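A.B. asks: My questions will all concern the structure given below.
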Amino acid sequence: MSEVKFKDFGKIVFFTGAGMSAESGIPTYRGKGGMWEKYNYEDYACQSAFDRDPEHVWEFHEARRQAVADCEPNRGHQIIAELVQGNENVSVVTQNIDGLHQRAGAKQVFELHGSLWRVRVDALGLIEENFDVPMKTYQHSSGAYWRPDIVWFGDHLRSDVIQAALDKIKGCDLLVSIGTSGVVFPAAQFPIEAKLKGATLVEINPEETAMSEIYDVCLRGSASDMLASML
Ligand code: OAD
C-alpha cells in the first residue's frame with residue numbers, strides 16, 4: 001500500500017495505548033521498565049486489594065496522578081488534538097487513563113479503561129472529576145472511600161463507553177493504532193471490528209506486536225514521528 005495520509009480519509013479513529021504517552025515520560029505497562037514489572041497488580045489494581053486496604057491502593061494511584069501531572073502532552077497528542085478539533089468525524093478511543101489527549105485539547109475521547117482524574121463511590125452511585133494533586137481526602141463525607149474510576153483487573157468495561165467507541169470504530173475508514181501491545185481484551189479486539197467493516201488499518205509502534213498481522217501498514221517508529229509522517 002502506498003503512503004497513508006490523513007487527508008485521504010474522512011472518518012478517522014485513533015486507537016491509543018500506553019506507548020502514546022511514552023514520549024511524555026509516562027512508563028508503559030509491559031516490557032522493560034514497564035509498570036507491571038515493578039508493581040504487582042494484585043496489590044494495587046484490583047477491587048479486592050482496594051477492599052483490603054484502600055489507603056495502600058490510593059498511595060499507588062496518588063503517585064501516578066502526581067507523575068502524570070508533572071508530564072506534558074507530547075507532539076503526537078498535539079497532532080491528534082489538532083485533527084480532532086472541530087471535526088466530529090475524527091475521534092480518539094484510548095486505553096490510557098492519563099488524560100493527556102484531553103490536556104492537548106482533544107474532544108471526543110472515549111476512555112475504555114477509565115480515568116485517573118475521576119473518582120467514584122459505587123455504593124452511593126457517585127462519580128466526580130477530581131484534579132487535586134495530592135487529593136484532599138480519600139473519603140466521602142459519609143465515610144465511604146472514593147475509588148479511582150479506573151478499570152482494574154477483573155472489572156468490566158463500561159458498556160455505554162464500549163458502545164460509543166464501537167460506533168466510531170465500525171464507522172471509520174481509517175483506524176490508526178498507536179503504542180499498544182494488543183494483548184488486553186476486549187480493547188485488543190476493537191481494531192478488528194474496523195477491519196471487518198473495510199477500514200484501512202495502520203499500526204504505529206517501534207516494535208512488532210501480537211496484533212501486527214491484521215494491519216495494512218505498520219509504521220515502526222515513535223508515535224510523534226510516525227503521526228507527523230502521515231500529515
Ligand atoms: P503496553 O505497555 O502493553 O504496550 C505499550 C506499547 O507501546 C508497546 O507495544 C511498545 O512497543 C509501545 N511503545 C513504546 N514506546 C512507544 C513510542 N514512543 N511510540 C509508540 N509506541 C511505543 O500498554 P497497553 O497496550 O496500552 O489496562 O496496555 C493495555 C492495558 O494494559 C492498559 O490500558 C492497562 C494495562 O494493564 C488497565 O490498566 C486496565
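Every number here is computed from the coordinates shown, using simple stated rules; none is lab data. None of the values given here were measured: they were computed from a predicted structure. So basically every Cβ, Gly included, is an ideal-geometry build from the backbone, and we count neighbours across all protein chains shown.
A.B. asks: Specify the angular offset, from 0 to 90 degrees and rounded to the nearest 10, of the alpha carbon long axis of helix 54-69 from the longest principal axis of the alpha carbons in the chain.
C.D. replies: It is inclined by approximately 40 degrees.
A.B. asks: Quickly work out the residue 122-to-residue 39 label distance, labels modelled 7 Å from Cα along the C-beta direction, and quote it in nm with one decimal.
C.D. replies: 1.9
A.B. asks: Apply the a/c threshold of 1.5 to the C-alpha gyration tensor of region 3-65 and tell me whether it is rounded, prolate or oblate.
C.D. replies: On the way: a/c = 3.28, a/b = 2.41, b/c = 1.36.
Taking the square roots of the gyration eigenvalues as a ≥ b ≥ c, region 3-65 is prolate.
A.B. asks: Take the Cβ-Cβ distance between residue 161 and residue 214 as r, set R0 to 22 Å, and report the resulting FRET efficiency rounded to the nearest 0.05. Numbers along the way, then the final one.
C.D. replies: On the way: r = 23 Å, r/R0 = 1.03.
Using R0 = 22 Å, I get an efficiency of 0.45.
A.B. asks: How high is the relative contact order of the chain, in percent, counting Cα pairs under 8 Å that sit 6 or more residues apart? It would help to have the intermediate numbers written out before the result.
C.D. replies: Values: 411 pairs, mean separation 55.1, N = 231.
Worked out over the chain, it gives 24 percent.
A.B. asks: May I ask for the angle, rounded to the nearest 10°, between helix 75-84 and the longest principal axis of the chain, with both axes built from Cα atoms and the value confined to 0 to 90°?
C.D. replies: 80
A.B. asks: A follow-up question, please. Label-point separation (nm) for residue 52 and residue 72, each offset 7 Å from Cα along Cα-to-Cβ?
C.D. replies: 4.0
A.B. asks: Suppose only helical runs count, i.e. DSSP H with n ≥ 4. What mean residue ellipticity at 222 nm does that imply for the chain under -39500 (n - 2.57) per run, divided by all residues and rounded to the nearest 500 deg cm²/dmol? Write out the running numbers ahead of the final one.
C.D. replies: On the way: 9 runs with 71 residues, N = 231.
Calculated from helices alone, the mean residue ellipticity at 222 nm is -8000 deg cm²/dmol.
A.B. asks: Taking R0 as 25 Å, what's the FRET efficiency between residue 63 and residue 183 from their Cβ-Cβ distance, rounded to 0.05? Intermediate values should be presented prior to the final figure.
C.D. replies: On the way: r = 25 Å, r/R0 = 0.98.
FRET efficiency, residue 63 to residue 183: 0.55.
A.B. asks: With +1 on each Lys and Arg Cβ and -1 on each Asp and Glu Cβ, how big is the dipole of region 1-108 about its Cα centre, in debye rounded to the nearest 20? Let's see the in-between values first.
C.D. replies: Details: 12 positive and 16 negative charges, 103 e Å.
Dipole of region 1-108, to the nearest 20 debye: 500 debye.
A.B. asks: Stretched out fully, how many nm does the piece from residue 137 to residue 3 gain, at 0.36 nm a residue minus the Cα gap? Don't skip to the end; give the middle numbers.
C.D. replies: Details: separation 134, 0.36 × 134 = 48.24 nm, distance 5.10 nm.
Stretched fully, the residue 137-residue 3 segment lengthens by 43.1 nm.
A.B. asks: Rank 57, 176, 13 by mean-square fluctuation in a GNM of the chain with C-alpha springs under 10 angstrom and give only the top-ranked residue.
C.D. replies: Among 57, 176, 13, the largest GNM mean-square fluctuation belongs to 57.
A.B. asks: Could you name the lysines whose alpha carbon sits less than 21 Å from that of residue 168, not counting residues in the same chain fewer than 8 places away?
C.D. replies: List returned: 5, 7, 11, 107, 195, 197.
A.B. asks: Out of 32, 195, 11, any idea which swings most in a Gaussian network model of the chain, alpha carbons joined below 10 Å?
C.D. replies: 32
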